[in-house]
Amino acid sequence: MPISPLAPEWLSFPADVNALRPAEWAAGVSRSQDDDAVSIQGLSVKDIAAEFGTPLYVMDADDFRSRARAFKQAFDAAFAEICGGVDVYYAGKAFLSFDVARWVKEEGLRLDTCSGGELALALRAGLEPANIGLHGNNKSVAEITRAIEAGLGRIVVDSLDELERVSTIAKRLGQQANVMLRLTPGVHAHTHEFIATAHEDQKFGLSMVEGDPLLDGAGEVEGKSPASVAVSRALKDPSINLLGIHSHIGSQIFDTDGFALAAERMVTFLGAISQHHGVVLKELDLGGGFGIAYTEQDEPRSPEELANAMAEIVKVSCERAGITPPRISIEPGRSIVGPTTFTLYEVGVRKTVIVDSELGDSPRHYVSVDGGMSDNARPVLYDADYSAVLANRSSQADAIISRVVGKHCESGDIVVKDAYLPADITAGDLLAVPATGAYCWALASNYNYLGRPAVVAVSEGEARLMIRRETEDDLFDRDLGAK
Ligand SMILES: *Cc1c(COP(=O)(O)O)cnc(C)c1O
């Protein structure tokens, strides 16, 4: 079979269609020597599927812990002499369960939450409130109240309105709120590139650009940026304990230049605060967004590379700004949990269509699986690419260009847009899609009344149900008309 004209440019024809590219898979995943089935820590996906059913998220729990540890160790080492180490906040929105919260704690990381629900989980899981952060551009009064009452380590304030809201609530409670200010350093990164702009046309954060028209209109602070107004107000407010500033420039980023530019702008701003107010803020959070490998196009940086690049720029920028380096924190989500998990599906129907291409008519094989956009919304939401392999066996059949689709009533219900899969893949086979640990379970839905899949955690060679599959009763439980 030749290279298909339907294959995107980045997709190479596989030398071995059964190969597992290590960057896309959890550390414990390999093909079994016995029967070539994909296995995790020695457990065959055939046995896992038989026990827990499909579709199924299979997480290498030991890999989660070692990736969490790797970030903590690499950043602590790189920043040891600059600021004595780094606080690593795992971004819970990527994937959060009670077990994950406990692993995060045990590995010495902290936890970022961005809603009342995530915060409730963190508190119930027994995390120290001092090690929890709360994000969000529109936190409710109830969420802010709970955060202050619990004594959260940091509330990341997103706007001038919210600063006022936090201040009012803290006053009412007679407590001080620990606050970071989320700023938009004018660096926007997406996947393989970043752009630096003056104004950020997006909902998050306080602009660092001077002369915001709303502020000018108020007459009060002409020529100042929302960010600097927020700093002035926060420093004057006895109910606000201003810890520092925060930036998060995007997600699935590979180029360290974007982080470097953001860090430089943030440090420069800290220098300006120091000159203007005579106060050196103690903390600087540089956010998350480190990219992972979904397909062969992605070449992620190791935690060491990221840490060393960021440490260098923080050090140089602080020297230039003439300030003592602040305590640094980061917020990796995807880069810790993404590669730890694969989704296991059972193959159902197939079909072949003939597609008109520049090089003439060309076949595309559709492979339908028993899940889809309800367990992985990222292809639909972000046009995200994934890869897939035949998992219950290997195959010597031709590799043909294929599209893995779900079972939803939606033609956009695509799991893997383009992958070479063996031509003999058939009903009853298992298909595994790697790197589904982040933003898949978290974004899962009940579209078409599908129950959300279970999550199995594999540790020390044993598979354990971490989150059970949703049942029919779960699906109808809240419908008061159900009998
Ligand atoms: C989503 C988010 C993160 C984590 O992003 P990843 O791409 O998962 O690393 C970190 N910080 C903030 C503020 C976020 O919104």
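The values are calculated or read from the model by the stated rules, or taken from the named source; none is laboratory data. Keep in mind that what you see is a predicted model, and the values were worked out from it rather than measured. As a convention, Cβ positions derive from the backbone with ideal geometry for all residues, glycine included, and neighbour counts pool all protein chains shown. With ligands, DNA and RNA removed, areas are computed over all heavy atoms of the protein, side chains included. Shrake-Rupley method; radii C 1.70, N 1.55, O 1.52, S 1.80 Å.
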For residues in segment 277-315 being within 14 Å of Asp257 (Cβ to Cβ) and hydrophobic (A, V, I, L, M, F, W, C), which is nearest to the ligand (Cβ to nearest atom)?
Phe290
If only one of Gly92, Gly84, Gly53 is assigned by TED's automatic domain parsing to the domain that holds Ser459 and in contact (Cβ under 8 Å) with a residue 60 or more places away in the chain, which one is it?
Gly53
Would you call Val404 under 20 Å from Trp25 (Cα atoms), in a helix (DSSP H, G or I), modelled with pLDDT of 95 or more and open to solvent by less than 10 Å² (accessible area, probe 1.4 Å)?
no
Looking only at segment 126-147, decide whether some residue is open to solvent by less than 30 Å² (accessible area, probe 1.4 Å), of a type in the set (A, V, I, L, M) and touching a Lys or Arg at 6+ places or on another chain (Cβ under 6 Å).
yes
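What do you reckon, is Ile292 open to solvent by less than 40 Å² (accessible area, probe 1.4 Å) and over 23 Å from the mean Cα position of the chain (by Cα)?
Here the answer is no, as Ile292 does not meet what is asked.
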State which residue is farthest from the chain's Cα centre (by Cα) when the search covers only segment 230-266 and only residues that are closer than 24 Å to Arg320 by Cα and of a type in the set (Val, Ile, Thr).
Val231
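Residue-wise test of (1) among the aromatic types (Phe, Trp, Tyr); (2) over 30 Å from Val389 (Cα atoms); (3) open to solvent by less than 10 Å² (accessible area, probe 1.4 Å).
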residue: Met266; (1), (2), (3): no, yes, yes
residue: Val280; (1), (2), (3): no, yes, no
residue: Pro303; (1), (2), (3): no, no, no
residue: Arg320; (1), (2), (3): no, yes, no
So Ala388 clears everything in (1) surrounded by 21 or more Cβ atoms within 10 Å (Cβ to Cβ); (2) more than 30 Å from Asp34 (Cα to Cα) except one condition, right? Which one?
(2)
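Residue-by-condition table, conditions (1) of a type in the set (A, V, I, L, M); (2) away from the ligand (no atom under 16 Å from the Cβ); (3) not in a strand (DSSP E or B):
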{"site": "Val58", "(1), (2), (3)": "yes, yes, no"}
{"site": "Asp63", "(1), (2), (3)": "no, yes, yes"}
{"site": "Arg67", "(1), (2), (3)": "no, no, yes"}
{"site": "Ala70", "(1), (2), (3)": "yes, no, yes"}
{"site": "Gln73", "(1), (2), (3)": "no, yes, yes"}
{"site": "Ala77", "(1), (2), (3)": "yes, yes, yes"}
{"site": "Ala80", "(1), (2), (3)": "yes, yes, yes"}
{"site": "Val88", "(1), (2), (3)": "yes, no, no"}
{"site": "Ala94", "(1), (2), (3)": "yes, no, yes"}
Conditions (1) open to solvent by less than 10 Å² (accessible area, probe 1.4 Å); (2) within 13 Å of the ligand (Cβ to nearest atom) -> Gly250 fails only (1)
Working only within segment 20-36, note down all residues that are within 29 Å of the chain's Cα centre (by Cα) and touching a residue at least 24 places away in the same chain (Cβ under 8 Å).
Leu20, Arg21, Ala23, Glu24, Trp25, Ala26, Ala27, Gly28, Val29, Arg31
Of the numbered conditions (1) open to solvent by less than 20 Å² (accessible area, probe 1.4 Å); (2) assigned to a helix (DSSP H, G or I); (3) more than 16 Å from the ligand (Cβ to nearest atom), Val380 fails exactly one; give the number of that condition.
(1)
Close pairs from segment 432-461: first at positive phi, partner among the aromatic types (Phe, Trp, Tyr), Cβ under 9 Å, at least 6 apart:
Ala435/Trp25; Ala435/Tyr294; Ala435/Phe342; Ala435/Tyr386; Tyr439/Phe95; Tyr439/Tyr382; Tyr449/Phe476
